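Read the figures in this text as sums done on the coordinates, not as results from a lab. From a predicted model like this one, the values you see are computed outputs, not experimental measurements.
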Amino acid sequence: MASRNMRVLVVGATGSIGQLVVEEAIKQGHAVRALVRSASKARQLAREAESVVGDLTRPETLSAAVDGIDAIVFTHGRMEEARRRPRLSITEACATS
Ligand SMILES: NC(=O)c1ccc[n+]([C@@H]2O[C@H](COP(=O)([O-])OP(=O)(O)OC[C@H]3O[C@@H](n4cnc5c(N)ncnc54)[C@H](OP(=O)(O)O)[C@@H]3O)[C@@H](O)[C@H]2O)c1
């Protein structure tokens, strides 16, 4: 099956899993946007990745992150955190962008 290049948002991009996702998505030809909590942390990412500063606990920061995105890879933090409010916040941002 032919693959389609997508605009992919990686949540948790500066984490141990997220950094691997960013690298692999770029390698596969996707346009990668990384959600980062601070601009300084973005420096550790591949330079091909676009960075957007935002925080899952601040829904007002997420609209810019999801704007124009085809897919989201969610590698945020610990499982117990991921089950709470942050996942809902990004779903709401997608619905309103
Ligand atoms: N590592 C493993 O071997 C492994 C194995 C199986 C499953 N997992 C699961 O995979 C997921 C990621 O694991 P990981 O090891 O990559 O975790 P990690 O290294 O702790 O990375 C967590 C990422 O989430 C970001 N983050 C945390 N709170 C955030 C918030 N409020 N808003 C935006 N971003 C936030 C962190 O940003 P900062 O850099 O700013 O802190 C970081 O980029 C977890 O659910 C874990 O349970 C991991």
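Here, the stretch 7-96 is characterised by an Rg to Rh ratio of 0.93, where Rg is the alpha-carbon radius of gyration and Rh the Kirkwood radius.
Under the 0.36 nm per residue contour assumption, what length would be gained going from the current alpha-carbon distance of Gln44 and Glu23 to full extension?
Value of the extension gain: 6.4 nm.
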